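Read through the structure below, which is laid out as structure tokens, and then see the notes.
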Amino acid sequence: MPGEARPGFWTETTQLVRAVGRAMGVTFKNLLRRPITVRYPTVKRVYPERFRGILALTYDPQTGEENCIGCRLCEYICPPQVIKVEMLKAEKRNWAKTFTLELYSCEFCELCVQVCPTDAIVMMRSFDLATADRRELLLDKDRLHALGLQFEPSWATGNRLRDMQAPPKPAKPTAQPTPDRRGPEASQGASTANPQSANP
Amino acid sequence: MATLPRTTVEIGYGGSERLTMNMGPQHPSAHGVFRAILTLEGETVVGVDAVIGYLHRCHEKLAETLTYVQYPTIASKTDYVSAMTAELAYVAAVELVGKIEVPKRAQYLRVLCAELQRIASHCLWLGTWCMDMGGALGGGATIFLYTIRERELILDLFETLTGARLLYGFHQVGGTRYDLPAGWTQKCRETLAVIAQRLGEYEAMLEDNAFFLVRTQGVGVVSRELAEDVGVAGPLLRGSGVAYDLRTAAPYSSYEDFGVRVPVETAGDCYARYRVRMAEFRESMRIVHAALDGLPEGPISSRPGVKSVGQVRVAKGEGYSRIEGARGEVGCYLVADGGPKPYRLKWRGASFSNLAVLPHIIPGHKVADVVAIMGSVDPVFGEVDR
Amino acid sequence: MTLAYHALVGFIVLNVVIGMVTYVTLLERKFAARMQSRIGPYYVGPRGLLQPIADALKLMLKEDIVPTSADRWIYNLAPIVFLIPCILIFATLPFAPGLGVADLNIGVLFFLAVSSLEIVGLFMGGWGSNNKYALLSAMRAVNQIISYDLPFVFAAFVPVLLAGSLQMSTIVEAQRGLWFVAYPLIGQLAFVMFLIATLAAENRVPFDILEAESELVAGFRVEYSGMKFALIQLGEYAHMIGTSFLGALLFLGGWLGPGSDTPLVGALWFLLKAMLIFLVVTWVRWSFVRIRVDHILAVSWKLLLPATIVLLLATGFWVALRGPHAG
């Protein structure tokens with residue numbers, strides 16, 4: 001502390017003054033910088049392609065049918081066990097009779113998206129679902145489908161994630177991109193010509 | 001060193017010279033939920049009784065009920081500030097016991113993310129430590145907001161990579177879940193350039209500052225013998241003169257390719273630990289650049305994409321994996337019994353062992369030093385209480 | 001008649017001061033925010049201008065909680081005892097020639113004496129709360145404010161010596177030629193020491209060990225809620241602005257400036273200079289970590305007090321050599 005040893009007093013004082021000046025200079029420089037605040041909700045940040053937001057169920061873009069076949073793989077893999085599915089058996093394919101997802105307990109880990117064989121469940125690029133009543137976050141099948149049409153979906157679907165993780169296959173002669181089974185809005189702008197590298 | 005037994009905790013002012021004060025679990029600088037029952041004589045602390053357990057969430061029991069596919073997303077919640085290293089500890093343990101190969105690209109990606117996470121975690125450490133010392137409404141908050149601004153840049157990188165900002169679920173048994181998107185390496189280099197420049201600004205604000213030096217030099221000295229006796233790790237150990245870093249002592253995940261230089265200081269006080277962490281910032285940035293330069297092509301997982309919950313089965317065996325987390329040695333001891341779930345999982349939390357030095361070094365200091373010391377030990381209570 | 005007139009003037013000044021105090025909180029928040037790469041209050045009113053009103057309303061509507069084990073009389077009286085000296089100091093400040101409540105011929109002395117009475121209210125708050133944190137902080141505060149009042153007074157007396165009078169308007173008039181801060185070495189040193197002593201007497205970082213949020217969670221104010229808390233905040237900021245005004249008056253020439261013949265323009269200059277000092281203090285506040293209480297006391301007794309005494313002696317010597325100052 002300044003004031004202890006007479007010979008060092010002036011050096012200490014000048015050092016203190018210089019340090020004070022430097023610190024105040026840094027704050028002054030930041031005073032002149034633009035603030036980095038994003039004025040949500042008037043201004044929204046651009047969320048990245050793989051953003052893990054609200055969950056939703058999808059329709060097949062060609063036929064308009066629900067993608068979910070009620071296989072319950074997502075129910076089994078969910079760590080906090082928030083998904084409950086009942087299967088409805090039919091001749092050509094199975095359906096989901098009921099599909100409930102407790103969004104208030106979901107930990108947004110994307111494991112359900114990863115295991116889905118038909119790309120039925122996906123995550124959206126938005127999280128704007130705040131509500132004052134927790135019961136509104138107990139999503140049933142209709143609500144999940146509506147959410148799928150309401151927001152923009154993220155890039156990640158089950159097949160794309162599994163393709164990204166699997167060892168690279170030898171290049172096929174016909175470069176057919178992985179079919180996008182999520183819905184009409186999703187297939188615009190998301191290219192999956194080569195799933196191994198250059199992922200969006 | 002004398003910590004008072006619980007039975008003598010009393011509310012005493014009105015005759016007795018010693019005041020028992022509770023720095024309770026709800027406290028702006030408890031770094032989580034930490035209860036320290038301080039015994040004060042005037043302004044000097046003469047005894048510390050540490051109470052933990054307020055964040056216990058039964059991680060180890062939970063691991064017995066979740067499979068190897070499900071648990072990595074939960075593992076990130078132990079050391080939530082430094083989630084990548086926490087997940088890495090778990091999957092490394094499973095791969096060790098199950099003798100599962102990890103492809104080279106996945107190893108490099110793991111190193112990349114672990115080092116970026118170390119930078120982010122140290123940003124948070126610097127911010128909260130200065131905030132504790134400077135007050136939430138004072139100069140400390142300024143440095144806090146600056147370092148959080150830098151941490152946000154790294155979290156943006158992680159968000160582009162995985163989709164999440166804090167708890168990633170990036171690792172899985174056999175490799176990683178996500179690969180780098182297009183343009184990520186360029187963005188990463190730019191971010192690191194910005195952070196390196198801003199780091200220079202923080203050092204300018206703090207290094208020669210007499211206020212800062214007076215608060216940190218000579219405070220909370222952990223001698224080398226004490227550090228080795230109690231079993232601390234991480235910057236706490238390296239600030240006391242022991243050059244021990246798991247990345248060089250027991251390399252995992254291709255760390256031996258990078259030539260990690262371990263920063264060591266001998267003073268053992270808060271200032272030494274500060275210098276160690278600042279040097280770790282720069283070293284981590286160098287490793288990230290090296291990893292980006294040398295990133296090999298190839299698969300990111302040795303297991304095909306996860307399709308079912310019981311996909312990974314590990315044969316009977318046990319093993320212990322050790323990871324150099326941002327706070328010290330994060331360890332995971334796994335006992336597998338052949339099924340898809342572990343038989344027993346034991347977490348060694350770095351902060352849990354680091355907190356054990358507190359009753360040795362705090363007595364003798366003033367109340368204001370308690371927060372400075374706790375900040376420089378940098379506990380995260382997800383690791384302590386699990 | 002004159003009593004009613006003075007009461008009216010006092011009432012107007014009181015309201016203006018309280019209004020200014022509330023809006024100074026907004027100024028500080030915006031300024032601090034810009035230094036931290038963020039915007040301050042933004043949504044309440046246009047660009048956040050109604051934020052202090054919202055805060056005041058909120059505090060008025062809050063529940064008034066009194067701890068059961070608190071010493072009722074002391075606890076309830078403490079905010080009032082704290083606030084009154086902090087507002088009373090504005091009575092002696094002349095905002096322009098002729099514009100002021102009471103331009104006492106011992107103005108500076110009255111100001112300094114009354115402003116140090118706030119310590120009584122502070123300690124009452126800490127004691128009456130029956131809370132160890134509050135008590136600890138109040139004890140620290142007493143230590144600190146008493147230690148720093150001495151250098152504060154001595155630094156403030158340098159302009160008094162240079163002007164030759166304790167009356168505030170005389171001091172300002174004596175700066176017509178040259179502001180006291182511009183006097184070679186004596187002025188600058190005295191100003192710097194005045195600022196440091198102000199920081200400590202106001203419990204501002206780096207000397208805010210008293211409130212130290214991260215250790216003592218709001219210090220002696222910790223048990224106060226609602227309107228009592230508002231009174232304490234009001235008192236703190238009023239004291240802060242009061243000493244800024246004093247600093248502007250003693251060192252920066254008060255209301256002197258181009259066009260200061262008209263009282264309102266002079267008052268505006270005075271306000272600008274006081275806000276300049278306030279912003280410098282805020283800038284320091286948001287740039288540094290705090291130092292420990294034993295270091296704070298060491299700085300005061302070992303460094304600042306001898307320095308201000310030496311400075312005062314030097315000033316007296318210089319004034320004696322210069323001869324009696326006219327006016």
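The values are calculated or read from the model by the stated rules, or taken from the named source; none is laboratory data. Treat the numbers as computed from the prediction; the structure is a model and nothing was measured. A quick note on method: Cβ atoms are made from the backbone with ideal geometry, for glycine too, and the neighbour counts reach across all protein chains shown.
Looking for whichever is modelled with pLDDT under 90 and within 20 Å of the chain's Cα centre (by Cα) here; the options are C:L276, C:L304. Which one fits? When all the criteria are applied, what remains is C:L304.
Among the residues of the range B:169-194, those identified as more than 8 Å from chain A (Cβ to nearest Cβ), surrounded by 20 or more Cβ atoms within 10 Å (Cβ to Cβ) and out of contact with any strand residue (DSSP E or B) (no Cβ under 8 Å at 6 or more places or on another chain) are B:H171, B:V173, B:C188, B:L192.
Listed by position, the helices (runs of 4 or more DSSP H) enclosed by the range B:286-386 that each have at least 2 residues that are more than 22 Å from B:N22 (Cβ to Cβ) are B:350-354, B:381-385.
If only one of A:T42, A:T63, A:T98 is surrounded by fewer than 16 Cβ atoms within 10 Å (Cβ to Cβ) and not in a loop (DSSP other than H, G, I, E, B), which one is it? Before you say what the answer is, go through the steps one by one.
Working: A:T42 fails: not in a loop (DSSP other than H, G, I, E, B); A:T63 fails: not in a loop (DSSP other than H, G, I, E, B).
Going through A:T42, A:T63, A:T98 in turn, the sole match is A:T98.
The single condition among (1) more than 30 Å from B:Q107 (Cβ to Cβ); (2) hydroxyl-bearing (S, T, Y); (3) modelled with pLDDT of 90 or more that B:T142 does not meet is (3).
How many of the residues in the range B:220-259 are surrounded by fewer than 20 Cβ atoms within 10 Å (Cβ to Cβ) and closer than 30 Å to C:L297 by Cα? Summing the residues that are surrounded by fewer than 20 Cβ atoms within 10 Å (Cβ to Cβ) and closer than 30 Å to C:L297 by Cα in the range B:220-259 gives 2.
If you check B:I323 against the conditions, is it closer than 30 Å to B:E64 by Cα and modelled with pLDDT of 90 or more? Can you show your working first?
Numbers: closer than 30 Å to B:E64 by Cα: yes; modelled with pLDDT of 90 or more: yes.
For B:I323, the condition - closer than 30 Å to B:E64 by Cα and modelled with pLDDT of 90 or more - is met.
Answer with yes or no whether B:R327 is away from every other protein chain (no Cβ under 14 Å) and closer than 28 Å to B:S351 by Cβ. Let's see the steps before the verdict.
Values: away from every other protein chain (no Cβ under 14 Å): yes; closer than 28 Å to B:S351 by Cβ: yes.
Yes: the conditions hold for B:R327.
Of everything listed in (1) surrounded by fewer than 24 Cβ atoms within 10 Å (Cβ to Cβ); (2) among the hydrophobic types (A, V, I, L, M, F, W, C); (3) under 21 Å from B:I373 (Cα atoms), the single unmet condition for B:L166 is (3). Every listed requirement among (1) more than 30 Å from B:G200 (Cβ to Cβ); (2) assigned to a loop (DSSP other than H, G, I, E, B); (3) within 10 Å of chain B (Cβ to nearest Cβ) is met by A:A90 save one, (3). Here the range B:266-307 is the region considered, the condition is being farther than 23 Å from B:A114 by Cα and touching a residue at least 12 places away in the same chain (Cβ under 8 Å), and the residue that is farthest from the other protein chains (Cβ to nearest Cβ) is B:T266. Of the set (1) out of contact with any Pro (no Cβ under 8 Å at 6 or more places or on another chain); (2) more than 14 Å from every other protein chain (Cβ to nearest Cβ); (3) buried (at least 16 other Cβ atoms within 10 Å of the Cβ); (4) not basic (K, R), all apply to B:G338 but (3). Within the range B:234-262, residues that are within 26 Å of B:G218 (Cα to Cα) reach partners that are of a type in the set (D, E, K, R) and surrounded by fewer than 18 Cβ atoms within 10 Å (Cβ to Cβ) with beta carbons closer than 7 Å, at six or more positions or on different chains, in the pairs B:S240/B:R224; B:G241/B:R224; B:V242/B:R224; B:V242/B:E228. Out of the residues in the range C:134-174 that are surrounded by 24 or more Cβ atoms within 10 Å (Cβ to Cβ) and touching a Pro at 6+ places or on another chain (Cβ under 8 Å), state the one that is nearest to C:V101 (Cα to Cα). If we take residues in the range C:134-174 being surrounded by 24 or more Cβ atoms within 10 Å (Cβ to Cβ) and touching a Pro at 6+ places or on another chain (Cβ under 8 Å), then C:M168 is nearest to C:V101 (Cα to Cα).
Every test in (1) in a helix (DSSP H, G or I); (2) closer than 29 Å to B:K366 by Cα; (3) touching a Phe, Trp or Tyr at 6+ places or on another chain (Cβ under 9 Å) is passed by C:I291 save one, and that test is (1).
What helices (runs of 4 or more DSSP H) completely inside the range C:1-104 contain at least 1 residues that are small (G, A, S) and within 14 Å of another protein chain (Cβ to nearest Cβ)?
Working: elements: C:2-35, C:51-61, C:72-88.
Those helices (runs of 4 or more DSSP H) span C:2-35.
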